[in-house]
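Student: Take this structure, written in structure tokens, and hold onto it; I'll ask about it next.
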Amino acid sequence: MGHHRFSDIVGEISPERRARIDAIKEEARADAVAFNLAELRRHRELTQVELAERLERAQASISAMETADDNLLSTWRAVVESMGGRLELVAVFDDERIAIPTSDSA
């Protein structure tokens, strides 16, 4: 039995199907970001109210951050620092990891 490329078997993807696939991928990416922020908070054993107090924000803003499609690096930095940590940005490749300087670590 020979080997066949997947694209040869299923054929070309229509622009409509590509758009649906891209939308699903974007939705999954957004869910992962929100999940990660909420998970970080829970991992540090903080409630939304406690985190809001540390950031001097309303609890509703924490909820919005956890369900946002995208959070700025400055948002992540503020959250991590409010928990006593330091945010580091690293680009990960197959053969190396490169630290990316942020404005306060440069």
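Student: When you check Q59 against the structure, is it at pLDDT 95 or above, of a type in the set (S, T, N, Q), more than 28 Å from A23 (Cβ to Cβ) and surrounded by 17 or more Cβ atoms within 10 Å (Cβ to Cβ), yes or no?
Tutor: no
Student: Within the set of pairs 6 or more residues apart or between chains, which connect a residue that is over 13 Å from S82 (Cβ atoms) inside the range 34-53 to a residue that is at pLDDT below 95 with Cβ atoms less than 6 Å apart?
Tutor: Short answer, once both residue conditions are applied: A34/E66; A34/T67; A38/E66.
Student: A follow-up question, please. Please find, within the range 10-21, the residue that is modelled with the lowest pLDDT out of those that are surrounded by fewer than 10 Cβ atoms within 10 Å (Cβ to Cβ) and in a helix (DSSP H, G or I).
Tutor: V10
Quick grid of which residues meet (1) in contact with a strand residue (DSSP E or B) (Cβ under 7 Å, 6 or more places away or on another chain); (2) at pLDDT below 80; (3) part of a loop (DSSP other than H, G, I, E, B); (4) acidic (D, E):
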{"position": "D8", "(1), (2), (3), (4)": "no, yes, no, yes"}
{"position": "A23", "(1), (2), (3), (4)": "no, no, no, no"}
{"position": "A28", "(1), (2), (3), (4)": "no, yes, no, no"}
{"position": "F35", "(1), (2), (3), (4)": "no, yes, no, no"}
{"position": "E53", "(1), (2), (3), (4)": "no, no, no, yes"}
{"position": "V79", "(1), (2), (3), (4)": "no, no, no, no"}
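The values are calculated or read from the model by the stated rules, or taken from the named source; none is laboratory data. In this text, all values refer to a predicted model and were calculated from it rather than measured experimentally. Ideal geometry is used to build each Cβ from the backbone, glycine not excepted, and the neighbour counts take in all protein chains shown.
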